[in-house]
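Asks: Okay, handing you the structure first.
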Amino acid sequence: MSISVSMTVNGKAVSGKVEARTLLVQFLRENLSMTGTHVGCDTSQCGACVVHVDGQSVKSCTMLAVQAEGAKVMTIEGLAPSADKLHPMQEAFRDNHALQCGFCTPGMVMSAVDMVKRHNYQLDEATVRRELEGNLCRCTGYHNIVKAILAAAPAMKAAGV
Amino acid sequence: MTAAPTGIGARVKRTEDQRFLTGRGRYVDDLALARPTYAYFLRSPHAHAKIRSIDTAAAAAMPGVVRIFTGKDTAEAKVGSLICGWVVKDKDGNPHKAPGHPPIAIDTVRYVGDTVAMVVAETASQARDAAEAIKVDYQVQPACVDLARALDKGAAQVHPEAPGNLCYDWEIGVKADVEAAFAKAAHVTKLDLVNNRLIPNAMEPRAAAADYDAGTGQYTLWSTSQNPHVLRLILSAFVLGIPEHKLRVVAPDVGGGFGSKIFCYADETLVVWAAPRVGRPIKWTAERNESFQTDAHGRDHVTHAELALDKDGKFLALKVETIANMGSYLSTFSTAVPTYLYATLLAGQYTTPLIYANVKAAFTHTAPVDAYRGAGRPEATFVIESIVSKAAAELKIDPAELRRRNFIPSTAFPYQTPVALQYDSGNYPPIIDEATKVSDYKGFEGRRAEAKSRGKLRGIGFSSYIEACGLAPSQVIGQLGGGVGQWEAAQIRFNPTGNVQVLTGSHSHGQGHETTFAQIVSDKLGVPLEQIEVVHGDTATTPFGMGSYGSRSLAVGGSAIMKAADKIIAKGKKIAAHLLEASVADIAFENGTFKVAGTDKAVPLGQVVFAAYVPHNYPITEVEPGMDENAFYDPANFVYPAGTQVCEVEIDPETGTTEIVSFTAIDDFGNIINPMIVEGQVHGGIVQGVGQALLENAVYDKSSGQLISGSFMDYTMPRADDVPSFKVGYKVTPCPHNPLGVKGCGEAGAIAAPAAVMNAVRDALGPLGVRDVPMPATPLAVWQTIQGAQRKAAE
Ligand code: FES
Ligand code: FES
């Protein structure tokens with residue numbers, strides 16, 4: 001039994017056929033072959049799958065594809081303004097060595113962008129650490145991720161993103 | 001060596017980051033295969049049961065099902081047993097008990113998660129649905145789960161080949177000598193420890209995809225492996241019998257390993273085996289609950305230790321009795337971990353002249369246990385550093401001072417320990433001096449008093465670790481029972497236009513080799529970083545290599561690259577001598593240019609490379625064309641990183657919650673290629689160690705053998721708000737026996753941190769009369785310990 005869904009992903013209209021149980025992350029990875037969004041768990045805890053749905057960060061393993069009908073979805077592939085320019089958060093992750101194996105990174109970056117905006121570009125270390133509750137990283141020990149997010153907040157403000 | 005901005009010692013931003021930051025990393029599950037099928041493994045829900053029958057008829061009729069395989073099929077096809085590649089000999093010289101490990105259980109399941117059937121279907125969901133329809137008639141048997149009781153009479157037996165569940169009873173050191181020293185001791189400190197069982201949980205779950213080309217007979221396996229060549233060798237030579245040259249193993253981007261992706265598992269074995277039978281590519285990716293159940297777990301020791309001291313606090317002797325859990329089957333390197341990677345480290349940083357250790361390895365009805373970040377060395381460090389701090393508390397000697405009194409002096413290197421290893425280099429006192437300074441150890445009692453005024457218990461803990469890594473002289477590994485060589489391979493291949501491919505047998509799954517190795521080549525050959533590409537992880541393109549584990553990539557893999565670079569320079573000199581019409585002996589190589597010493601005649605490396613590929617004006621009778629050099633490097637010894645960590649905690653006695661308020665790590669990793677990457681390794685290691693100390697625990701129900709902590713909801717992974725930012729620093733004593741002077745940094749954090757944290761917790765609770773707290777020191781464990789102490793005080 002398949003259902004048609006349509007949505008906008010990274011500014012492009014897309015549609016496809018899914019099962020009722022198909023998760024948004026499966027739709028992105030399998031139907032659209034957009035494999036930047038990762039799956040690290042089966043209990044909605046790791047945050048490797050975070051994308052933005054209508055501007056808010058969402059664990060795409062926790063949402064059915066059909067629930068995103070008509071929504072504007074942004075994934076890690078759509079974050080950078082152009083092929084040779086990174087988003088300030090991506091830049092900050094690179095500058096601060098906030099990634100090692102890179103598996104948690106797409107979800108981390110997408111969560112972090114949303115976090116900075118929700119806090120109106122003003123964050124302190126304790127807030128960043130608390131806000132990262134839903135994103136697991138096994139490699140970095142979080143030290144450099146926290147540093148990167150704190151560095152990105154003013155950079156995002158300055159860049160107006 | 002010159003410290004060019006991109007060379008050795010520079011904080012170069014990682015070249016691999018661009019693809020990871022933009023969602024263009026390529027992990028196994030991202031692979032697009034033509035006409036793929038998907039595998040799902042039905043796993044045992046019981047810790048121990050006989051399989052009476054398996055009925056797959058209903059499942060086979062489910063939508064999308066392509067094939068179903070059971071142990072009957074693999075047994076009929078004579079699929080081999082998964083192997084353990086390290087033979088440990090017991091006290092009497094007999095090899096360890098090595099029961100078979102069929103990739104699919106044939107008539108008995110031995111842990112929750114043991115493979116029972118493989119379903120291949122058009123989609124992953126269809127495969128999972130069909131697996132649910134398979135009817136297995138189990139006859140449940142009593143299970144042996146509790147490690148402390150596993151060797152007792154009457155414990156349920158895991159394998160008929162291993163009576164009493166004993167895999168081996170191994171020892172090192174001379175017991176009588178140690179006992180004699182204890183008889184003369186002024187003080188003996190005794191300690192009982194449980195080193196809690198951990199689940200590695202790399203964020204990328206294990207995955208495998210296989211394809212078979214019937215036209216060429218060629219198999220390809222894409223696997224989340226830390227060592228694709230070793231995996232190929234095991235599958236070819238021992239398990240599946242596929243000729244090595246007909247099996248290509250690719251480990252593309254891999255999302256963390258920490259040891260758990262070294263081993264050859266049932267899952268990838270079966271995917272390869274089934275590919276020609278299905279006639280289409282097969283993909284499998286573990287769900288997280290499968291990672292919990294079937295990734296090789298780590299640690300899991302029960303230990304009793306005693307330390308003998310003289311009246312001045314000098315260590316006279318150490319004896320250690322350990323029971324180590326092997327789990328249900330022997331994983332690839334499991335037997336070596338609690339012996340050669342554990343007991344040989346029990347000297348720590350100290351001059352303890354006599355050491356005896358006895359290790360009994362036990363089978364239990366739990367998942368296999370094998371190397372996990374640090375592998376044996378965290379367990380050793382936990383024993384030593386716990387007992388040293390306990391002795392300090394008992395003797396009322398400052399814990400830093402007691403360590404200083406017993407450090408191996410810097411003049412004593414190379415230092416032969418009583419437990420086989422010869423430490424090549426080190427200088428421990430300046431490390432602890434720096435650590436006490438950075439952590440403001442002097443001001444601690446003031447902070448303790450201030451915390452007390454707020455009703456909080458503050459404690460400080462030291463951990464001065466040693467590790468032996470960079471495995472290691474192949475000959476020694478062979479003498480100790482290891483089944484493989486432990487060299488590393490590298491190839492430096494110049495293209496005619498002057499850019500370079502560096503092919504390495506090491507594998508990067510987060511360590512940043514693409515940057516670090518490029519820095520080495522850039523520094524050594526003067527080639528700009530952006531013209532260097534590091535290639536790894538594919539048996540079809542890279543030279544046979546041993547892969548990455550045990551902090552060996554830089555010390556061994558990096559050294560192989562240095563050797564290959566030396567060959568490039570040597571060949572280049574001959575070509576340059578011809579081009580410059582000089583004698584080879586007069587040619588010097590510097591900053592990417594060959595020069596005739598004492599003249600201004602010079603030719604850049606790029607031109608020499610071009611001449612090698614277009615050899616029109618070339619010493620063709622003496623020098624082969626091309627610029628492509630191979631090297632294999634077999635280390636002369638292990639490398640011995642060392643350091644001191646200082647952890648400061650604050651405990652809320654009302655809730656038992658422990659907060660890490662400060663954490664300092666001063667390490668000696670020898671020379672450092674990229675400090676930014678090294679610091680990242682230290683941070684990550686520390687947090688895994690903190691996780692072990694305060695949060696993580698793999699718990700099996702003691703009677704049913706169910707894995708209670710089987711998901712991220714039940715198994716506490718360290719989160720960002722569980723840890724502080726860290727203060728890290730270095731002291732450098734270069735490794736004397738490898739060309740880079742490097743040691744290894746990947747495991748240090750995880751090796752030292754559990755003892756640092758637990759010593760801090762013990763110190764905080766000391767004023768209440770508490771001597772020990774079980775690890776992990778969860779709020780419940782701490783709270784119960786405090787309650788127990790208060791009851792005792794009231795009595
Ligand atoms: S995959 Fe979505 S939270 Fe883990
Ligand atoms: S970088 Fe590997 S899990 Fe975060």
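The values are calculated or read from the model by the stated rules, or taken from the named source; none is laboratory data. Nothing here was measured: the structure is a model prediction, and the numbers come from that model. Cβ sites come from the backbone with ideal geometry, for glycine too, and all protein chains shown count toward neighbours. The accessibility values were calculated without ligands, DNA or RNA, using every heavy atom of the protein model including side chains. Shrake-Rupley method; radii C 1.70, N 1.55, O 1.52, S 1.80 Å.
Asks: What residues of segment B:22-45 lose no less than 20 Å² of accessible area with every protein chain in place versus their chain by itself (probe 1.4 Å, heavy atoms only)?
Replies: Output list: B:T22, B:G23, B:R24, B:Y27, B:D29, B:D30.
Asks: I've got another one for you. Structure shown: which of B:K261/B:K360; B:K184/B:K442; B:K442/B:K731; B:K311/B:K731 lie over 27 Å apart, alpha-carbon to alpha-carbon? Intermediate results must be reported in sequence, preceding the final value.
Replies: Numbers: B:K261/B:K360 25 Å; B:K184/B:K442 35 Å; B:K442/B:K731 21 Å; B:K311/B:K731 32 Å.
Those over the limit are B:K184/B:K442; B:K311/B:K731.
Asks: Working with all protein chains in place, sort B:E76, B:E244, B:E581 by solvent-accessible area computed with a 1.4 Å probe, largest first. Kindly include the intermediate steps, with their values, before the conclusion.
Replies: Numbers: B:E76 125, B:E244 65, B:E581 160 Å².
Sorted descending by solvent-accessible area, the residues read B:E581, B:E76, B:E244.
Asks: In segment A:2-78, if every C-alpha pair distance is counted and binned at 10 Å from zero, what percent goes to each bin?
Replies: 22, 61, 17
Asks: Right, another one. What is the distance in Å between the Cα centroid of segment B:170-234 and that of segment B:31-67?
Replies: 29 Å
Asks: Suppose R0 equals 41 Å. What FRET efficiency, 1/(1 + (r/R0)^6) with r the Cβ-Cβ distance, do B:K50 and B:A789 give to the nearest 0.05?
Replies: Numbers: r = 47 Å, r/R0 = 1.15.
It comes to 0.30.
Asks: Let me ask something else. Can you compute 3J(HN,Hα) from phi for each residue in segment B:235-251, using the Karplus curve 6.51 cos²θ - 1.76 cosθ + 1.60 with θ = phi - 60°, rounded to whole Hz and x for Gly and Pro?
Replies: Per residue, the Karplus-derived 3J(HN,Hα) values read 4, 6, 7, 10, 9, 10, x, 6, x, 4, 6, 9, 10, 9, 10, 10, 10 Hz.
Asks: In Å², and per residue, what accessible area does segment A:88-159 have when probed at 1.4 Å with the other protein chains present? Could the numbers behind the result be given before it?
Replies: On the way: 2200 Å² over 72 residues.
The answer is 31 Å² per residue.
Asks: If I take every Cα pair under 8 Å that is 6 or more residues apart in chain A, average their sequence separation and divide by the length, what percent do I get for the relative contact order? Working shown, then result.
Replies: Numbers: 288 pairs, mean separation 37.7, N = 161.
Value for chain A: 23 percent.
Asks: A further question follows. Estimate for me the total accessible surface buried between chains A and B (protein heavy atoms, probe 1.4 Å, no ligands or nucleic acids), in Å² to the nearest 100.
Replies: On the way: alone 8450 and 29150 Å², together 33420 Å².
Approximately 4200 Å² gets buried when A meets B.
Asks: Return the long-range amide H neighbours of A:A80 (sequence gap of 5 or more, or a different chain), with a cut-off of under 5 Å between placed amide H atoms.
Replies: A:H87
Asks: Could you work out the local net charge near B:P418, counting Lys and Arg as +1, Asp and Glu as -1, over the other residues with Cβ closer than 14 Å to its Cβ? Mind showing how you got there, number by number?
Replies: Numbers: positive: B:K175, B:K319; negative: B:E171, B:D177.
Here the count lands on 0.
Asks: Taking 50 Å² as the minimum loss, tell me which residues in segment B:188-205 lose that much accessible area going from the chain by itself to the full protein complex (1.4 Å probe).
Replies: Output list: B:M203.
Asks: With just the Cα atoms defining each centre, how far is segment B:676-711 from segment B:395-413? Give it in Å.
Replies: Using only Cα atoms to place each centre, the spacing works out to 31 Å.
Asks: So, for chain B, what is the accessible surface per residue at a probe of 1.4 Å, expressed in square angstrom?
Replies: Result: 34 Å² of accessible area for each residue.
Asks: Over segment B:284-440, what is the relative contact order in percent, taking alpha-carbon pairs closer than 8 angstrom and at least six residues apart? Show your work: numbers first, answer last.
Replies: On the way: 258 pairs, mean separation 39.5, N = 157.
So the answer I get is 25 percent.
Asks: Counting Lys and Arg as +1 and Asp and Glu as -1, what is the net charge of the other residues whose Cβ lies under 15 Å from the Cβ of A:C101?
Replies: +2
Asks: Between segment B:551-587 and segment B:483-523, how far is it from one alpha carbon centroid to the other, in angstrom?
Replies: Distance between centres, Cα-based: 15 Å.
Asks: Still on this structure, I have one more. Using a 1.4 Å probe and ignoring any ligands, DNA or RNA, find the accessible area of B:H159 and quote it in Å² to the nearest 10.
Replies: B:H159 exposes around 10 Å² with every protein chain in place.
Asks: I would also like to ask the following. Could you pull out every one of the lysines with an alpha carbon less than 26 Å from that of A:K17, ignoring same-chain neighbours closer than 8 positions?
Replies: Hits, sequence-local ones excluded: A:K59, A:K72, B:K283.
Asks: Which helices pass in chain A if a helix is a full DSSP H run, must span at least 20 angstrom along its long axis by Cα, and must have mean Kyte-Doolittle hydropathy not below 0.0?
Replies: Numbers: long enough: A:143-159 (24 Å, 0.91).
Qualifying helices: A:143-159.
Asks: If you don't mind, another one. Dipole of the protein assembly as shown (Lys/Arg Cβ +1, Asp/Glu Cβ -1, origin at the Cα centre): which of A:M74, B:Y38, B:Y350 lies farthest to the positive side?
Replies: Among A:M74, B:Y38, B:Y350, the one farthest towards the positive end of the dipole of the protein assembly as shown is A:M74.
Asks: In segment B:239-283, which residues become less accessible by 50 Å² or more once every protein chain is in place, relative to the chain on its own, using a 1.4 Å probe?
Replies: The answer is none; no residue qualifies.
Asks: Through the Karplus equation 6.51 cos²θ - 1.76 cosθ + 1.60, θ set to phi - 60°, convert the phi angles of segment B:432-443 into ³J(HN,Hα) values in whole Hz; use x for Gly and Pro.
Replies: Once θ is set to phi - 60°, the couplings for segment B:432-443 become 5, 4, 5, 5, 5, 5, 4, 8, 6, 4, 4, x Hz.
Asks: With a point put 7 Å past each Cα toward its Cβ, work out how far B:R771 is from B:E530 in nm, to one decimal.
Replies: With each label point 7 Å from Cα toward Cβ, the separation is 6.4 nm.
Asks: Leaving out ligands, DNA and RNA, what percent of the accessible area of chain B is carbon and sulfur, probe 1.4 Å? Mind dumping the intermediate values first?
Replies: Numbers: 14300 of 27140 Å².
Summing carbon and sulfur atoms, their accessible area is 53 percent of the total for chain B.
Asks: Here are some pairs, B:K72/B:K702; B:K524/B:K601; B:K91/B:K743; A:K85/B:K13; which of them have Cα atoms lying more than 24 Å apart in this structure?
Replies: Details: B:K72/B:K702 31 Å; B:K524/B:K601 21 Å; B:K91/B:K743 32 Å; A:K85/B:K13 16 Å.
Over 24 Å apart, Cα to Cα: B:K72/B:K702; B:K91/B:K743.
Asks: What is the log10 of I(q)/I(0) for the protein assembly as shown, computed with the Debye formula using one identical point scatterer on each Cα and no solvent, at q = 0.07, 0.10, 0.11 Å⁻¹?
Replies: Result of the Debye calculation: -0.59, -1.22, -1.46.
Asks: Here's something else I'd like to know. Based on the Cα coordinates of segment A:88-159, what is the per residue volume of their convex hull in Å³? Could the numbers behind the result be given before it?
Replies: Values: hull volume 5.1 nm³, N = 72.
So the per-residue Cα hull volume is 71 Å³.
Asks: Could you check how much of the accessible area of chain A is carbon and sulfur, as a whole percent, using a 1.4 Å probe?
Replies: 50 percent
Asks: OK, next. So how much accessible area does B:K283 have, in Å² to the nearest 10, using a 1.4 Å probe?
Replies: About 20 Å², ignoring ligands and nucleic acids.
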